[in-house]
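Here the structure comes first, spelled out in structure tokens, and everything after it is commentary.
What follows draws every value from the coordinates through simple rules; no lab data is involved. The structure presented is a predicted model; accordingly, all values stated were derived computationally and were not measured. Cβ coordinates were reconstructed from backbone atoms using ideal geometry, including for glycine residues, and neighbour counts include every protein chain displayed.
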Amino acid sequence: MKSLELFNISGKVALVTGGTHGLGMAIATALAEAGATLVINDLSKEKLDNAIAEYAAKGIEAHGYIFDVTDEAAATTAVARIAAEVGPIDILVNNAGIIKRIPAAEMSLADWQAVINVDLTAPFIMSKAVARSMIERGGGKIINMCSMMSEVGRDTVSAYAAAKGGLKMLTRNLATEWARYNIQVNGIGPGYFATAQTAPIRVNGHPFNEFIIKRTPAARWGNPEDLAGTAVFLASHASDFVSGHVVYVDGGILASLGKAMNED
Ligand SMILES: NC(=O)c1ccc[n+]([C@@H]2O[C@H](COP(=O)([O-])OP(=O)(O)OC[C@H]3O[C@@H](n4cnc5c(N)ncnc54)[C@H](O)[C@@H]3O)[C@@H](O)[C@H]2O)c1
Ligand SMILES: O=C(O)[C@H](O)[C@@H](O)[C@H](O)[C@H](O)CO
């Protein structure tokens with residue numbers, strides 16, 4: 001295979017959970033542009049309908065399925081329906097995620113568990129739901145959406161950091177168990193990206209907004225499209241001997257200690 005052909009994923013079925021907007025939509029768009037048949041999921045019909053129209057405007061046909069990724073029975077049923085109606089899933093992107101920014105000492109157990117359920121337990125549920133068919137068919141690709149918080153902490157995001165750190169280790173463990181079946185399990189660790197999730201801390205004049213621009217060596221927020229190349233790489237034959245890694249797409253944040261106040 002010639003090198004660029006390695007990135008062609010024509011004929012593959014890709015499911016992007018929570019793929020109705022933001023980072024999920026950017027990744028899903030990249031996978032569809034590289035040839036994949038696109039399936040997206042989210043919690044509401046309204047979100048799916050809006051997203052399907054947005055994909056259609058880009059010339060992409062997206063198949064939408066409503067289910068909660070934390071509900072094992074619903075997720076397993078949906079994966080079987082997708083296999084019957086669209087085709088068995090070759091590429092799973094565990095993208096659906098939530099964050100609750102609450103100081104640890106004030107966080108309720110219910111809030112903690114909600115974050116762990118969506119950000120850590122659901123990727124386990126979804127990976128398990130697709131694995132048997134991938135094993136039977138000789139391989140597959142699983143991509144987990146990790147975070148800067150897979151590596152470092154920050155005030156107010158203890159549950160999110162625990163989940164995303166756990167997701168990095170789930171990635172390594174599933175990679176270990178399933179490499180023998182030609183299933184590659186990897187993660188993408190986005191730095192700080194301009195999406196709805198970061199909207200509350202991205203407003204002009206907000207100290208965190210200034211901090212991120214200063215703290216990121218590339219001196220900007222990421223645009224969702226910055227993830228496209230990494231997503232296609234990890235979904236394609238180009239990464240067939242790459243497993244258990246998290247690729248950080250962060251404008252250099254993790255490589256850098258940052259600057260002191262007077263070092264501008
Ligand atoms: N935005 C960033 O800067 C950033 C950085 C690093 C990692 N991430 C991660 O990337 C992923 C996508 O981020 P985003 O900013 O686009 O998020 P987002 O909140 O904009 O979108 C996530 C989607 O997941 C859906 N979802 C939530 N719970 C669900 C459930 N139980 N079942 C099905 N769908 C559910 C939501 O409805 C939403 O549409 C998340 O996992 C997030 O933690 C985001
Ligand atoms: O409050 C926060 O610090 C942010 O929301 C992060 O958690 C990012 O969304 C992202 O996951 C970083 O990689």
Rounded to the nearest whole number, the Stokes-Einstein translational diffusion coefficient of segment 109-204 at 20 °C and 1.002 mPa s (Kirkwood radius, C-alpha pairs) in µm²/s is 149
Relative contact order of segment 161-264 (C-alpha contacts under 8 Å, at least 6 apart) in percent is 38
Among Lys128/Lys168; Lys12/Lys141; Lys100/Lys141; Lys168/Lys214; Lys45/Lys128, the pairs whose Cα-Cα distance exceeds 18 Å are Lys100/Lys141; Lys168/Lys214; Lys45/Lys128
Computed over the Cα atoms of segment 1-145, the Rg and Dmax in Å are 15.8, 55
The chain, Gaussian network, Cα under 10 Å: of Ala196, Ala96, Ala26, the residue fluctuating most is Ala196
Taking only the Cα positions of segment 206-254, the convex hull volume per residue in Å³ is 87
Fewest to most Cβ atoms within 10 Å: Lys128, Lys141, Lys168, Lys259 sort as Lys259, Lys128, Lys168, Lys141
For segment 126-264, inverting the pair-averaged 1/r of distinct alpha-carbon atoms gives a Kirkwood value in Å of 16.3
Expected vector for segment 243-255, Karplus 3J(HN,Hα) from phi with 6.51, -1.76, 1.60 and θ = phi - 60°, integer Hz, x for Gly and Pro, equals 8, x, 9, 10, 8, 8, 10, 9, x, x, 4, 5, 7
Lys and Arg at +1, Asp and Glu at -1: neighbours of Tyr160 with Cβ under 11 Å from its Cβ sum to +2
When Tyr160, Tyr181 are arranged by how many other beta-carbons sit within 10 Å of their Cβ, fewest first, they go Tyr181, Tyr160
Residues meeting the amide H criterion for Ile183 (H placed from the backbone, H to H distance under 5 Å, 5 or more places apart or on another chain) are Gly140
Relative contact order as a percentage, the chain, C-alpha pairs under 8 Å and 6+ apart, gives 20
Here the net charge surrounding Ala175, from other residues whose Cβ is less than 12 Å away from its Cβ (Lys, Arg +1; Asp, Glu -1), is +3
Sorted by chain and number, the residues with a modelled amide H under 5 Å from that of Tyr65, at a separation of 5 or more or across chains, are Ile40, Asn41, Asp42
For the chain, using Cα atoms only, the Rg and Dmax in Å read 18.1, 60
Pseudo-spin-label distance Arg132 to Arg220, built 7 Å along Cα→Cβ, given in nm, is 4.7
Expected sort for Asp68, Asp90, Asp240, Asp42 with the fewest Cβ neighbours (10 Å cutoff) up front is Asp240, Asp68, Asp90, Asp42
Surrounding charge for Gln184, neighbours by C-beta under 10 angstrom, Lys/Arg +1, Asp/Glu -1, total 0
When the chain is treated as a Gaussian network with springs between alpha carbons less than 10 Å apart, the largest mean-square fluctuation among Glu33, Glu106, Glu46 is found at Glu106
So, with points 7 Å from each Cα along the Cβ direction, the Glu106-Asp240 label distance in nm works out to 5.3
